[in-house]
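The values are calculated or read from the model by the stated rules, or taken from the named source; none is laboratory data. Keep in mind it's a predicted model, so treat the numbers as computed, not measured. As a convention, Cβ positions derive from the backbone with ideal geometry for all residues, glycine included, and neighbour counts pool all protein chains shown. Areas reflect the complete protein model, heavy atoms only, side chains present, ligands, DNA and RNA absent. Shrake-Rupley method; radii C 1.70, N 1.55, O 1.52, S 1.80 Å.
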Amino acid sequence: FDALWVAALDDERWPAASRPHPFIPHALQRQQQLPHASAARELDYAQTQLDGWRHATRELVLSYALGSEERSRAPSPLLAPWLQAPQAVRVNAWPAHWQAQLDAARCQSLDDACGPAPLAEAVLSGGTAVLGDQARCPFRGYALHRLGARPWQSAGYGLQPRDRGELTHRVLERLWAQWREQAALLALTDEDCAAQIDRAVDTELARVQQLAPQRLGAQLRALEHERLCALVAAWLALERQRQPFRVLALEAQESEVAAKTTRFEDLQLRLRPDRIDVDAAGRRIVLDYKTGARKTPPWADGRPEDPQLLLYALTEAEVGAVAFARLVAGQVELQGVGSDEHFGDGIKAYHAERATRDAASWSALHGRWRGELATLAGEVRSGWAAVQPKQPRVSCQDCGLHALCRIRDQVSLDEGEEVAT
């Protein structure tokens, strides 16, 4: 480096406190000098850092803050050989060539909270996620679906949560593509049903293993097979208890051709629901499979982050209920709202659900949803891209775009805590 300035070298953070791994014997960690195993290991690492900085540049500044969060700070003991009486850095104390660069600098400000509007006939990528990401943060929505930005994918071993979610979707699609109606499921014995689940799971795991054999070894595949068979069996046990239905549409069928393009509030979006059932009365039930952590349902959120169910209810004919099909070990359930109480367990009548009971009718509730989604669509149409996360710690947790939006410049965080990963 021509010059190097290292900040935050106070006695609390440098050397760092030891943080031994909780699942490895501490004595073994100290013996093998594993990272963060002991205070001595952290001291040695900090000294190595210091030696590296000293050899990396001819001009080195080591600094620490005098105070932070209403408490005073002290310099790291490693700074003792060079430490003099602490003094605040003054501009005129900077090297002359630094000051010359500052004097010659010219700054220009640009308000980039709004970008170009999408073309009128453009079909935005991402489907309903265009509105969901806009709800989480306008910048996230713009960066993902207009700029095509993608977070850096970290390397990992085996299947990731997204892979497991896709596997679950494909197994259920494969099964219901055969059965088509609840009566076919009810006609199966427990042994026959288990055998069909086993074959569907094995087929999908074989597909994954063929695509990426290094990620799914024999033992891992066996464990994943057991996990997925148990999860699907638990879900189908619930499906057996539902009111009679037949499957009208599946995501796999839609993917065989271009997904249906729908115009909503002057936006062109591709919609592909996970599944649409129809009951004995001809009413449609839109299902969305969820294999992750429970979140606020869209009908209870004025700025819905998962708007797909609401959008399908507004664009499909004769929708009587919308529901999440939750497939999480120990939490296999239906969670939804409908026009009345006759859809079975897990799907409440809208007037019995706390978040929607104030609606005058099922149609009036649709009008509320249309207004909420129209607000998001209006932001997308106008190119609104401000860095305004709905809930900074939650909305930014799984975003991965924080280096692009520089959220840390706007949001105060506890020291040492990451905004996003």
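Things worth noting here:
- Residue match in segment 16-25 (condition: closer than 30 Å to residue 98 by Cβ and either not β-branched (Val, Ile, Thr) or not in a strand (DSSP E or B) (or both)): yes
- Taken over segment 169-189, residues that are of a type in the set (Asp, Glu) and more than 13 Å from residue 242 (Cα to Cα) amount to 1.
- Scanning segment 56-70 for any residue that is out of contact with any strand residue (DSSP E or B) (no Cβ under 9 Å at 6 or more places or on another chain), open to solvent by less than 50 Å² (accessible area, probe 1.4 Å), hydroxyl-bearing (Ser, Thr, Tyr) and farther than 30 Å from residue 378 by Cα turns up nothing.
- Of all residues in segment 108-152, those satisfying the criterion of being acidic (Asp, Glu) and either over 25 Å from residue 298 (Cα atoms) or open to solvent by 60 Å² or more (accessible area, probe 1.4 Å) (or both) are 111, 112, 121.
- Residue 100 surrounded by 11 or more Cβ atoms within 10 Å (Cβ to Cβ), farther than 30 Å from residue 266 by Cβ and small (Gly, Ala, Ser): yes
- Residues of segment 11-27 that are open to solvent by less than 80 Å² (accessible area, probe 1.4 Å) and either farther than 21 Å from residue 64 by Cα or at pLDDT 90 or above (or both): 14, 15, 20, 24, 27.
- Check on residue 293, more than 25 Å from residue 166 (Cβ to Cβ) and out of contact with any Gly (no Cβ under 8 Å at 6 or more places or on another chain): no
- Number of positions in segment 28-55 that are surrounded by 14 or more Cβ atoms within 10 Å (Cβ to Cβ) and of a type outside the set (Phe, Trp, Tyr): 12
- Within segment 153-197, being closer than 25 Å to residue 293 by Cβ and part of a loop (DSSP other than H, G, I, E, B) holds for 153, 154, 155, 156, 157, 158, 159, 160.
- Residue 177 open to solvent by less than 70 Å² (accessible area, probe 1.4 Å), at negative phi and in contact with a Leu (Cβ under 7 Å, 6 or more places away or on another chain): yes
- Condition check for residue 274: of a type in the set (Asp, Glu), in contact with a strand residue (DSSP E or B) (Cβ under 7 Å, 6 or more places away or on another chain) and open to solvent by less than 30 Å² (accessible area, probe 1.4 Å): yes
- Scope segment 299-327; condition farther than 15 Å from residue 286 by Cα and touching a Leu at 6+ places or on another chain (Cβ under 8 Å); matching residues: 303, 304, 327
- Any chance residue 234 is open to solvent by 20 Å² or more (accessible area, probe 1.4 Å), at pLDDT 95 or above and in a helix (DSSP H, G or I): yes
- Note on segment 89-146: residues that are of a type outside the set (Phe, Trp, Tyr) and part of a helix (DSSP H, G or I) amount to 25.
- Of all the listed residues (199, 221), the sole one being free of Cβ contacts under 8 Å to residues at least 24 places away in the same chain, of a type in the set (D, E, K, R), farther than 30 Å from residue 343 by Cα and open to solvent by 80 Å² or more (accessible area, probe 1.4 Å) is 199.
- Inside segment 375-384, residues that are buried (at least 17 other Cβ atoms within 10 Å of the Cβ), outside any helix (DSSP H, G or I) and touching a Lys or Arg at 6+ places or on another chain (Cβ under 8 Å) make up a count of 0.
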